[in-house]
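Trainee: Can you read through this structure? Questions will come right after.
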Amino acid sequence: MSTGFPSHRNFTRQREQFLAAATAANARLYHYPHPLCGPFGEALSTDVALIGNPQAKRVLIAVSGTHGVEGFYGSDCQRQWLQTFNPQTLPDDVAVLMIHLINPWGTAWIRRVNEDKIDLNRNYLDFSQALPDNQAYDALHAIYTCDQLRGPHRDQADALLNERVQSQGWPAVMSIVEAGQYHHPDGLFYGGNRACWSNRTLHRILQEHLGAASVAMCFDLHTGAGDYGHPMLLTITQAAYPALADAQQLFGPWLFTLITGANSHSDTGVAATATGYASQAIINALPHVRLMPFVIECGTYPGEQIHNVLRDDQWLHLYGNLDSPQAHQIKQQLLEQFFPADSDWQELVWVRTRQIWDRALGALIKMQG
Ligand SMILES: [Zn+2]
């Protein structure tokens, strides 16, 4: 099972290049093997590179691939940073923790979701508590389980979506769909009913590597929301957190603060209604750390277009043949939606990400631990 997948960009290539760059930078490496394989039969793993003192009090963290397919951007930035950074400029009490492809299955299979069809960024919840009940999604669910890629059933599903968009507007419909839902494992933006492998692995990594930290900045790397080639820096949590004012002062007008909630709105393309984002989970997991959680979100194509390709990919994994020319076409399109082949786009997102990390690291170095 391989012909459906692009060969020029794949999990193994990203992983090998990251590990080579980390090794050349004298990083300490840690591996978290995933139980499943990729479409070429390749072993999957989340890898962690730690640069600097493992007992450092101040740490810059970067996480790639929360949404698997978006990991090509994040992984490329992590690799390029490792290739260009001079580790000797790092003081003894500052470290950098690169968490490479936290949803390796999603990257390998060119999907946003993980092996359980879970959107990892809706899964960081306390599952001992009642789960969010997104009843408005129920009426839209049939759109996302359509059994045809093209044909009368797909036309019906398109008509249902268009009808809702006509009456409510695209942002309102997307704020329902993208809020996440916990009842339909075969639907879009499914948050799961337990902590999935990537969620548990991220918690393990944080416990294992941030025990000595007192201050940290964490960058969760995403693509697909916002205008083409316009990376946004956001901080997204359920409530103001203790270090929010520091984060705002550090980045000034570059930083967009998004407090999520059922009635929250945003013009960024990032779902303000969503539950289970990584940022809040990282704050909760590290109560001893003065944490600033950031998201870098690099815009690609219009939301309607991306949504349609996500629907095609949904069809492919529910009903299609992953080893077919049709699969190849859908996977190529999906990769393009979240990682444009345009070299100007790729260069620009790297330059901006590097600027953001430079400012963050500069501030961590100046800070007193
Ligand atoms: Zn994302």
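The values are calculated or read from the model by the stated rules, or taken from the named source; none is laboratory data. Note that the structure is a prediction, hence the values are computed from the model and not measured. Glycine gets a Cβ as well: all are built from the backbone with ideal geometry, and neighbour counts include every protein chain shown. Just so you know, the surface numbers come from the protein's heavy atoms only, side chains and all, with ligands and any DNA or RNA stripped out. Shrake-Rupley method; radii C 1.70, N 1.55, O 1.52, S 1.80 Å.
Trainee: What angle, in degrees between 0 and 90 and rounded to the nearest 10, separates the Cα long axis of helix 152-168 from the longest principal axis of the Cα atoms of the chain?
Mentor: Its long axis makes an angle of about 60 degrees.
Trainee: Now, a different point. Heavy-atom accessible area of E304 with all protein chains present, probe 1.4 Å, nearest 10 Å²?
Mentor: Taking all protein chains as shown, E304 has close to 90 Å².
Trainee: Let me ask another. Can you give the net charge of the other residues whose Cβ lies under 11 Å from the Cβ of N103, counting K and R as +1 and D and E as -1?
Mentor: On the way: positive: R111, R112; negative: E70, E115, D116, D119.
It works out to a net charge of -2.
Trainee: Additional query: Send over the per residue convex hull volume for the chain, Cα only, as a whole number of Å³.
Mentor: Numbers: hull volume 46.0 nm³, N = 369.
Here the figure is 125 Å³ per residue.
Trainee: Shifting gears a bit: Which whole-number percent gives the relative contact order of the chain, counting Cα pairs below 8 Å spaced six or more residues apart?
Mentor: On the way: 736 pairs, mean separation 80.2, N = 369.
Computed over the chain, the figure is 22 percent.
Trainee: Follow-up question, since we're still on this one. Accessible area per residue, 1.4 Å probe, Å², for region 232-369: what's the number? Show your work: numbers first, answer last.
Mentor: Details: 5950 Å² over 138 residues.
Per residue, region 232-369 has 43 Å² of solvent-accessible surface.
Trainee: Based on the mean of other Cβ atoms within 10 Å per residue, sort peptides 92-99, 253-260, 265-272 so the most packed one is first.
Mentor: Packing order, densest peptide first, comes out as 92-99, 265-272, 253-260.
Trainee: Here is a follow-up. How long is region 192-336 along each principal axis, judged by its Cα atoms, biggest number first, in Å?
Mentor: Result, largest extent first: 51, 34, 27 Å.
Trainee: For G4, enumerate residues with amide H under 5 Å from its amide H, sequence gap 5+ or separate chain, H modeled in the peptide plane.
Mentor: Close amide H contacts, sequence-distant or interchain: S324.
Trainee: Sticking with this structure for a sec: Against the globular-protein guess of 2.2 N^0.38 Å, express the Cα radius of gyration of region 84-194 as a ratio, rounded to two decimals.
Mentor: 1.47
Trainee: How do 344-351, 183-190 rank on mean C-beta neighbours within 10 Å, highest first? Intermediate results must be reported in sequence, preceding the final value.
Mentor: Values: 344-351: 16.2, 183-190: 18.6.
By packing density, highest mean first, the sequence is 183-190, 344-351.
Trainee: Also: The chain: longest stretch without exposed trypsin sites (Lys or Arg not before Pro) (DSSP loop, at most 13 other Cβ within 10 Å), sites themselves excluded?
Mentor: Numbers: sites that count: R150, R194.
In the chain, the maximal stretch lacking such sites is 195-369.
Trainee: If you take the C-alpha gyration tensor of region 1-120, multiply each eigenvalue by 5 and take the square root, what semi-axes do you get, largest first, in whole Å?
Mentor: Values: eigenvalues 150, 39, 25 Å².
Value: 27, 14, 11 Å, ordered largest first.
Trainee: On the protein heavy atoms, probe 1.4 angstrom, tell me the percent of accessible surface of the chain carried by carbon and sulfur.
Mentor: Working: 7500 of 14740 Å².
Carbon and sulfur atoms account for 51 percent of the accessible area of the chain.
Trainee: From the phi of every residue in region 176-181, what ³J(HN,Hα) in whole Hz does the Karplus formula 6.51 cos²θ - 1.76 cosθ + 1.60 yield, where θ is phi - 60° and glycine or proline is x?
Mentor: These are the phi-based 3J(HN,Hα) values: 6, 5, 7, 4, x, 8 Hz.
Trainee: Under 21 Å from the Cα of K366, which lysines turn up, not counting those fewer than eight places away in the same chain?
Mentor: K57
Trainee: Still on this structure, I have one more. In whole Hz, what ³J(HN,Hα) sequence does region 184-192 give by Karplus (6.51, -1.76, 1.60; θ = phi - 60°), x for Gly and Pro?
Mentor: Once rounded to whole Hz, the list reads 10, x, 9, x, 8, 6, 6, x, x.
Trainee: Around T46, which amide H atoms from residues at least 5 apart in sequence, or from another chain, sit under 5 Å from its own amide H, with H modelled in the peptide plane?
Mentor: Sorted by chain and number, the residues that satisfy this are Y32, H34.
Trainee: Further question: If you count only protein heavy atoms with a 1.4 Å probe, what accessible area per residue comes out for region 2-107, rounded to a whole Å²? Write down the numbers at each step before the final one.
Mentor: Numbers: 3570 Å² over 106 residues.
So region 2-107 comes to 34 Å² accessible per residue, rounded to a whole number.
Trainee: Applying the Karplus parametrisation 6.51 cos²θ - 1.76 cosθ + 1.60 with θ = phi - 60° to the phi angles of region 126-137, what ³J(HN,Hα) value in whole Hz is obtained for each residue in order, glycine and proline being reported as x?
Mentor: Values, residue by residue: 8, 6, 7, 9, 4, 8, x, 10, 8, 5, 5, 5 Hz.
Trainee: Something else: Over the chain, with a Gaussian network built from C-alpha contacts below 10 Å, which listed residue (A327, A240, A22) shows the highest mean-square fluctuation?
Mentor: Greatest mean-square fluctuation among the candidates belongs to A240.
Trainee: Rg(Cα) of region 291-369 divided by 2.2 N^0.38 Å?
Mentor: In units of the globular-protein estimate, region 291-369 measures up at 1.57.
Trainee: Quick check of the Kirkwood formula: for region 1-59, what is the inverse mean of 1/r over all pairs of different Cα atoms, in Å? Don't skip to the end; give the middle numbers.
Mentor: Values: mean 1/r = 0.0758 Å⁻¹.
This gives a value of 13.2 Å.
Trainee: Return the long-range amide H neighbours of M292 (sequence gap of 5 or more, or a different chain), with a cut-off of under 5 Å between placed amide H atoms.
Mentor: Amide H neighbours of M292: A216, M217, C218.
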